[in-house]
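Only one structure is covered here, and it is reproduced in the block below.
The values are calculated or read from the model by the stated rules, or taken from the named source; none is laboratory data. Since the model is a prediction, treat every value here as computed from it, not as a measurement. Note that each Cβ is placed from the backbone with ideal geometry, even for glycine, and that neighbours are counted across all protein chains shown. Accessible surface is based on the protein model in full, side chains and every heavy atom, while ligands, DNA and RNA are left aside. Shrake-Rupley method; radii C 1.70, N 1.55, O 1.52, S 1.80 Å.
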Amino acid sequence: MPTHSPTQSLIEADRKHLIHPVVSYRAHEARGVTILESARGAFLRDKAGNEVLDAFSGLWCVNVGYGQDSIVRAATEQMTRLPYATGYFHFGSEPAIELAAKLVELAPASLQHVYFTLGGSDAVDSALRFITHYFNATGRPSKKHIIALERGYHGSSSVGSGLTALPAFHRNFDVPLATQHHIPSPYAYRNDYTDDQALIAASVAALEAKVAALGADNVAAFFCEPVQGSGGVIVPPAGWLKAMRDACRKLDILFVADEVITGFGRTGPLFACQAQAEQVEPDLMTVAKGLTAGYAPMGAVLMSDAIYQGIADGADASAVIGHGHTYSAHPVSAAIGLEVMRLYHEGGLLANGIAQAPRFAQGLDALLAHPLVGESRHRGLLGALELVSDKDSKRGFDASLKLSERIATAAYNHRLVFRAFNDNILGFAPALCYTAAEFDMLFERLTKTLDDVLDQADVRAALGRPRVAKHAAAA
Ligand code: PLP
């Protein structure tokens, strides 16, 4: 009988029993899992002992980096004292109350109330339930339709997945629902707008047209990510978010900012709504990921006072509002969240993220000179490269080449992890603790990765005659 090493046994057990998120189940069975063992700072270590530079903060969440001992201490202390406290029956816990108050203090002024969830999907789901309840309770029950963006990601709950506009989340899942609609994403690279203002105007016009088609009395809200993450890091022009927020006010529909990725310093300020060019005050905001930096699960819906009061007074102010989760406002997650907030501010991580952003931008932009790279885009420490086989026509690659898989494999061989999306977009979200030397290492390894893939005969053949990048001369 063949004997398996402990690692091989784990891989076999994974193959047999553990269902992974967002993979082809058959492809995962064939490939097998890569088991991660430990991590420190910006580096992961796998079970085979490889040290890998993480340029994606886990899944755009470990914004403070790994191995922050003060977070471990805060969690341990809370676990020892009170590992669980329900929020039901009017109970609560100190860290949850403090974290809610802290978030209200730090968030845009419109947001005054916080409901805690376990992550982003249930934050979006909760926001949708609150919106439905609010319009029913305040005598506008026809307001049921929701508008979001093409290429948007709003999680994987049974309703939220319909707001998400990525085909894999719809196929065989019977979404989007008849009340869910999408307008074009502000994707400058794949559009021919003369300038940023034209793109912004087109987005506003698309929203106005959709609301007009549905009837404003039937539309509840517009959901968007300030920078679209999972749809390929689509960075809209400065002022886009504000224009969409203002349009929602005029159209009398709610504006929901989904800051699950963009929140907590990812794009520079604590929230992308607070960028200099935006200064946006949403009706609702969903957050997760950087809230606890991945050290424990937690998300939240932040809510305006008008919505809160509308729900609270409703048709019958004494009636129970039937929305809850056993682990809402979990004290250990909340204690972690409080320490993570301290690290962003007093710990200097927000400031470091802002200070390092130009280096990140330069590194990405310099790669425009590479034969595979058609576009570089970024805001703060959120960025992407879009790979093309022809820079002039912006033609992509044949799906049969499986370029994203090749890129991910080559990157891992160079001890680098980032997100290689299926449509040949590479996403980057380094931790806010990255040093200058770690950025140098990221771009050195990334260049080697792109070179390796370019050296593959069929990739080179797909390129045709290599051309000099249009932007390279200016970079
Ligand atoms: N909303 C946005 C904008 C996201 O990027 C994500 C996750 O990536 C979610 C919602 C869902 O969050 P979670 O995966 O924590 O459920």
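Picking from 83, 68, 48, whose Cα lies most toward the positive end of the charge dipole for region 1-120 (charges on Cβ: Lys, Arg +1; Asp, Glu -1)?
The Cα lying farthest towards the positive end belongs to 48.
List the relative contact order of the chain as a percent without decimals, with contacts defined as Cα pairs under 8 Å and 6+ residues apart.
20
Run the reach check for residue 391 against lysines, Cα to Cα strictly under 17 Å, same-chain hits fewer than 8 apart removed. What comes back?
470
What's the percent breakdown of Cα-Cα distances in region 69-134 across 5 Å bins, shortest bin first?
3, 13, 16, 24, 24, 12, 6, 2, 0
In whole angstrom, note down how far apart the Cα centers of region 56-91 and region 301-323 are.
28
If each residue of separation counts as 0.36 nm, what is the full-extension length gain between residue 36 and residue 457 once their alpha-carbon separation is subtracted?
My answer for the length gained is 148.4 nm.
For a Förster distance of 30 Å, can you work out the FRET efficiency between the beta-carbons of residue 342 and residue 82, rounded to the nearest 0.05?
Once the sixth-power term is evaluated, E becomes 0.90.
Compactness ratio of region 70-345: Cα Rg over 2.2 N^0.38 Å, N = residue count?
Expressed relative to 2.2 N^0.38 Å, the Cα Rg reads 0.99.
For region 25-142, what is the largest minus smallest coordinate of the Cα atoms on each principal axis, given in angstrom and ordered from greatest to least?
Between the extreme Cα coordinates on each principal axis of region 25-142 lie 59, 41, 29 Å.
For the pair residue 402 and residue 309, what calculated FRET efficiency results from E = 1/(1 + (r/R0)^6), where r is the Cβ-Cβ distance and R0 = 51 Å, to the nearest 0.05?
The calculated FRET efficiency here is 0.45.
How large is ³J(HN,Hα), in whole Hz, for each residue of region 325-338 in order, when computed from phi with the Karplus curve 6.51 cos²θ - 1.76 cosθ + 1.60 and θ = phi - 60°, using x for Gly and Pro?
Ordered by residue, 3J(HN,Hα) equals 9, 3, 9, 4, 6, 4, x, 5, 4, 5, 4, 5, x, 5 Hz.
Quick one: grab Rg to one decimal and Dmax as a whole number for region 291-349, Cα atoms only, in Å.
Over region 291-349's Cα set, Rg and Dmax evaluate to 15.6, 47 Å.
When DSSP assigns beta bridges and you keep just the ones with both residues in region 70-345, what percent turn out antiparallel, to the nearest 5?
45
Which peptide among 388-395, 172-179, 50-57 comes first, and what is the full order, when sorted by highest mean count of other Cβ atoms within 10 Å?
By packing density, highest mean first, the sequence is 50-57, 388-395, 172-179.
Using the C-alpha atoms of the chain, what convex hull volume per residue, in cubic angstrom, is computed?
163
Per residue, what accessible area does the chain have, given a 1.4 Å probe and all protein chains present, in Å²?
45
So which of 144/289; 144/210; 16/47 end up more than 23 Å apart by C-alpha?
With Cα atoms farther than 23 Å apart: 144/289.
What distance in nm lies between label points placed 7 Å from Cα along the C-beta direction at residue 47 and residue 73?
My value for the distance between the label points is 3.4 nm.
Over region 70-345, calculate the relative contact order: mean separation of alpha carbon pairs under 8 Å at least 6 apart, over the residue count, as a percent.
Normalised by residue count, the contact order of region 70-345 is 31 percent.
What's the carbon and sulfur percent of the chain's accessible surface, probe 1.4 angstrom, rounded to a whole number?
Ligands and nucleic acids excluded, carbon and sulfur reach 56 percent.
Dividing the convex hull volume of the Cα atoms of region 259-391 by its residue count, what figure in Å³ per residue is obtained?
It comes to 169 Å³ per residue, whole-number rounded.
Could you derive backbone 3J(HN,Hα) for region 186-199 from the dihedral phi with the Karplus parameters 6.51, -1.76 and 1.60 (θ = phi - 60°), listing whole Hz in sequence and x where the residue is Gly or Pro?
3J(HN,Hα) across region 186-199, in whole Hz: x, 9, 4, 5, 9, 9, 10, 6, 5, 7, 4, 5, 5, 5.
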